[in-house]
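Remarks on the structure that follows.
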């Protein structure tokens, strides 16, 4: 008997979130959006679910989160073009936040290295 836990353990949380696993019918029930509307969202470029054997759409947990955002924006009266722009801007903000965090981490390392060098030089002067 094969164990699924090893597969789950070897996957990162991010990989697990992106794993396609829900059919269009299941997604429709989970988010309360008719399958035809889900297809229209895909046609409008708002969502790109995976395809099983080139036919059936498979949605991931990440797709579900995006669909919830889309539904919320659509309920507020935002059209498909507006939703696409908002989703793109949100992705850009996330990317920029990650870059800022990387730069902050790098800056802290540089400052720490500078401190070590200065401390080392001070110790050499004192000896």
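None of the figures in this text is laboratory data; all of them are computed from the coordinates on show. Quick caveat, the model's predicted, so the values are computed rather than measured. No Cβ is skipped: glycine too gets one built from the backbone with ideal geometry, and neighbour counts run over all protein chains shown.
On the basis of the beta-carbon distance and an R0 of 35 Å, residue 15 and residue 104 show a calculated FRET efficiency of 0.85. Projected onto its three principal axes, the C-alpha set of segment 10-78 covers 42, 25, 21 Å, listed from the longest axis down.
The alpha carbon centroids of segment 71-127 and segment 9-29 are separated by 28 Å. Over the chain, dividing the summed -39,500 (n - 2.57) contributions of all DSSP H runs of at least 4 residues by the number of residues returns a 222 nm mean residue ellipticity of -23500 deg cm²/dmol.
Would segment 80-127 count as rounded, prolate or oblate if I go by the C-alpha gyration tensor, calling it rounded below 1.5 in a/c and otherwise prolate when a/b exceeds b/c, oblate otherwise? Walk me through the intermediate numbers first.
Details: a/c = 12.82, a/b = 11.03, b/c = 1.16.
Here segment 80-127 falls in the prolate category.
Rank 45, 82, 54 by mean-square fluctuation in a GNM of the chain with C-alpha springs under 10 angstrom and give only the top-ranked residue. Per the Cα network of the chain with a 10 Å cutoff, 54 tops the list. Pick the calculated volume of the Cα convex hull per residue in Å³ for this structure from [x] 93; [y] 103; [z] 183? This structure yields the entry labelled [z].
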